[in-house]
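The values are calculated or read from the model by the stated rules, or taken from the named source; none is laboratory data. Keep in mind that what you see is a predicted model, and the values were worked out from it rather than measured. As a convention, Cβ positions derive from the backbone with ideal geometry for all residues, glycine included, and neighbour counts pool all protein chains shown.
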Amino acid sequence: MISHFLKFEWKQFFRSSYWQKSIALNILLGFLAVYFMLTFLVLGISIYPILKKQFPESDPLIMVNGFLFYWFLGDLLMRFFMQKLPVMNIKPLLALPLKRSTILNYVLGKSAISFFNFLPLFAIIPFGVILIFEDYSTTTALIWMLTMYICTLIINFLNFIVEAKSAETELSFLPIIVIASGLFALNHFDIISFSTLLGNSVNAIIENPLLVSIPILILIGLYAANYSELKKKLYVDGSLKAKADVAVTTDLAWTRRFGDIAPFLQLDLKLLWRNKRPRSTIFILVIGLLYGLIFYPNPVYKEMIPMFIFVGIFVTGIFMINFGQFIPAWDSGYYKLLMSQNIKYKQYLNSKYSLMTISAVIMFVLSIPYVYFGWKILAIHFAAMVYNIGINSHVLLYGGSFNRKKIDLTQRAAFNYQGTGAVQWLIGFPLLLIPILIFYVPYKFINFEAGIATLIILGGIGIVFHQKLMNFITNQYLNSKHKMISAFDQNN
Amino acid sequence: MIQSIELSKKYGEVTVLNIPSLEIPKGQAFGLVGNNGAGKTTYFNLLLDLIKPTTGYVLNNEIQVNKSEDWKPFTAAFIDESFLIGYLTPEEYFYFIGELRGMNKADIDTFLSQFTEIFNDEILGGKKYLRDLSKGNQKKAGIVAALIGNPEVIILDEPFANLDPTTQIRLKKLLRDLTKNSNATILISSHDLGHVTEVCERIVVLDKGNIVKDIKTSEETLKELEAYFSV
């Protein structure tokens, strides 16, 4: 039976059109995986000699054990965001003559061989081998390696329980961040020293190998907890069923002021608020707004004015770029409807344009407090806003006509590359870099004001020729209409 | 009302639809039947300019659909779930479609009141988004949305599939009344021979993209169709 399951996994992986289509992305992910493996390998090999050299007085093994708390906490956090228990795939198996226990053990067992559990081995094994060469007893080294691997598995199964619990609340990742930072703070300010506690426990296990049974028991307990938790949910109305949100109806009557684009504007606002992935573009606004704080107070960047242009474009345009680069893929789920309804393409695109413009203005207004760091910052932000409205928004809309990747709105937001193609990567750079160049030339040869004026004038030209540009862009969309419909129709 | 001229669609070497000539007069209730892969949905997609014809063209009220968009104001369709906007409530969806067709909220509310029976309290006023409704209820919402604004051409792909028996009967009555009381041209496709013969005055059978039968519905039509398909 298990061999069947494994074959399914293999086929699922290689037959998914996702794999076949975005080879570039997979190569990138592959590189990342290799990079992490190498990093861990280097860590595993070098940590012993480094510690020995830096602290010749203390025992490197004891020191490493003292740091385990941070390692485990980081591991748990990383898994929380990147590793998911793949329960959705088992729906077709439920009606087949298979014992539920087989399915459950399979799902849980499979998670034990995930990449996240192999990665630490690249550090654990070299370190253990070095221990053997460095006069530690072979048992000590082996027990240490075993303990580390058991702990990795404990984190693996602990993570699924944490995920299940936090999925029950609306707060998603907030609790884990709060708990993790709480633990970290308690430890950091020596209120409860978890790192010492954990270090001492591991030391004790090495001293007395029989104690290794304690982590093993914890592991078995967690496995059992996962098992019973999953068993409860192994019904199509349990976790296999997508959760239904309670609908909140809103009127958004104020959008009427925008005239004939109002229905689309309402639609876009609902799109942003009611779907996970677009909703994250709103939260990114906060990050974008605070981005300036990294650069402006820092004396290192004091003289790098062109760098501030980048920040300005970023702060006033973060929503524009995040939202705009996936036009019209946001609407891919119902693109056929839009194309057969009584809709003028231009209205549809104008609504997107208005949304981006409004966001740039709002971001500029919110960023006014940066004037604290000098009037130049304010001037830069204003110029960046005008440039974003006049040039970048049109570039984004134009780029959208080459968009052939569908987005499933119900999918999660973080680390979701769906809908990302070469176009998105290509379009990102000119949006941020070209304004720097445009500013830099007059800034270098004339002065700061000339650079700002150039940006504002260029943006102004874009705004003046808005209608002309929109006609051109609309034509591009009309030309690629059928290609888009058929691309959005395909499931990734 | 709808003319197809030398219309064909090929994917690679495979011809999925080939209609040298087909004319559907104004006000007709037109039924399309055929097994899977016969080309029914392809034909509807061509009528709506959602795919490009390999040869030929479609005229909707003398407007060539892939040249001008002026057929859109009087044409409505429900092909599949991709015609629904999942994150809207059914009301919001109806208002949105209504707005595109020049009807305000009050108009839509009046319009919707005639569907109270079909909706069966499961669609309106519920705290659910369209994506969370059952397949059957999604279909109901989609079909009703296609009737908003008195369109002259209504295209429904498989309207009876996924509906409960009561709704099937109500929908049949609704479509018959529509052809009787208005001058709307209705195009439906179905796998259920009984339903199409009850609703449509004319039935065209497609097989591998070709028209093999073109029948004016009569008492014997159902028998004839059953005989044709029971090979």
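Before moving on, here are some points about what is shown:
- B:GLU6 being within 22 Å of B:LEU175 (Cα to Cα), away from every other protein chain (no Cβ under 14 Å), more than 16 Å from the chain's Cα centre (by Cα) and assigned to a strand (DSSP E or B): no
- Boolean, B:LEU50 is out of contact with any strand residue (DSSP E or B) (no Cβ under 6 Å at 6 or more places or on another chain) and either within 14 Å of another protein chain (Cβ to nearest Cβ) or aliphatic (A, V, I, L, M) (or both): yes
- The residues on offer are A:GLY400, A:GLY419, A:GLY451, A:GLY390, and the sole one that is modelled with pLDDT of 80 or more and either closer than 22 Å to A:ARG277 by Cα or in contact with a strand residue (DSSP E or B) (Cβ under 7 Å, 6 or more places away or on another chain) (or both) is A:GLY400.
- In the range A:473-486, of all residues being away from every other protein chain (no Cβ under 12 Å) and of a type outside the set (Ser, Thr, Tyr), the one that is surrounded by the fewest Cβ atoms within 10 Å (Cβ to Cβ) corresponds to A:ASN475.
- Filter result for A:GLY324 (buried (at least 21 other Cβ atoms within 10 Å of the Cβ) and within 14 Å of chain B (Cβ to nearest Cβ)): no
- Residues being small (Gly, Ala, Ser) and either modelled with pLDDT under 90 or not in a strand (DSSP E or B) (or both) - total across the range B:9-41: 6
- Condition met for A:ASP260 (surrounded by fewer than 16 Cβ atoms within 10 Å (Cβ to Cβ), over 30 Å from A:ILE377 (Cα atoms) and in the same structural domain as A:MET470 (by TED's automatic domain parsing)): yes
- Residue match in the range B:60-71 (condition: in contact (Cβ under 8 Å) with a residue 60 or more places away in the chain, crowded, with 22+ Cβ neighbours inside 10 Å, in contact with a strand residue (DSSP E or B) (Cβ under 6 Å, 6 or more places away or on another chain) and at the interface with another protein chain (Cβ under 9 Å from one of its Cβ atoms)): no
- Failed item, numbered, when B:THR55 is tested on (1) more than 9 Å from every other protein chain (Cβ to nearest Cβ); (2) modelled with pLDDT of 90 or more; (3) under 18 Å from the mean Cα position of the chain (by Cα): (3)
- Enumeration of residues in the range B:92-121 that are within 11 Å of chain A (Cβ to nearest Cβ) and charged (D, E, K, R): B:GLU92, B:GLU99, B:ARG101, B:LYS105
- The residues in the range B:207-231 that are more than 29 Å from B:ASN181 (Cβ to Cβ) and of a type in the set (A, V, I, L, M) can be counted, and the count is 4.
- Helices (runs of 4 or more DSSP H) wholly inside the range A:73-186 that include at least 2 residues being within 28 Å of A:ARG277 (Cβ to Cβ) and at pLDDT below 85: A:100-112, A:115-118, A:138-168
- Any chance A:HIS482 is under 32 Å from the mean Cα position of the chain (by Cα) and assigned by TED's automatic domain parsing to the domain that holds A:LEU397: yes
- Residue that is farthest from A:THR281 (Cα to Cα), among those in the range A:340-358 that are aliphatic (A, V, I, L, M) and surrounded by fewer than 21 Cβ atoms within 10 Å (Cβ to Cβ): A:ILE343
- Residue match in the range B:79-91 (condition: more than 8 Å from chain A (Cβ to nearest Cβ), crowded, with 16+ Cβ neighbours inside 10 Å, hydrophobic (A, V, I, L, M, F, W, C) and in contact with a helix residue (DSSP H, G or I) (Cβ under 9 Å, 6 or more places away or on another chain)): no
- Any chance A:ILE305 is assigned by TED's automatic domain parsing to the domain that holds A:SER359, within 30 Å of A:ILE446 (Cβ to Cβ), among the β-branched types (Val, Ile, Thr) and out of contact with any Phe, Trp or Tyr (no Cβ under 6 Å at 6 or more places or on another chain): yes
- Boolean, A:ILE377 is more than 18 Å from A:LYS406 (Cβ to Cβ), assigned to a helix (DSSP H, G or I) and free of Cβ contacts under 8 Å to residues at least 24 places away in the same chain: no
- The residues on offer are A:VAL395, A:VAL315, A:VAL361, and the sole one that is buried (at least 24 other Cβ atoms within 10 Å of the Cβ), assigned by TED's automatic domain parsing to the domain that holds A:ILE282, under 25 Å from A:LEU271 (Cβ atoms) and touching a helix residue (DSSP H, G or I) at 6+ places or on another chain (Cβ under 9 Å) is A:VAL315.
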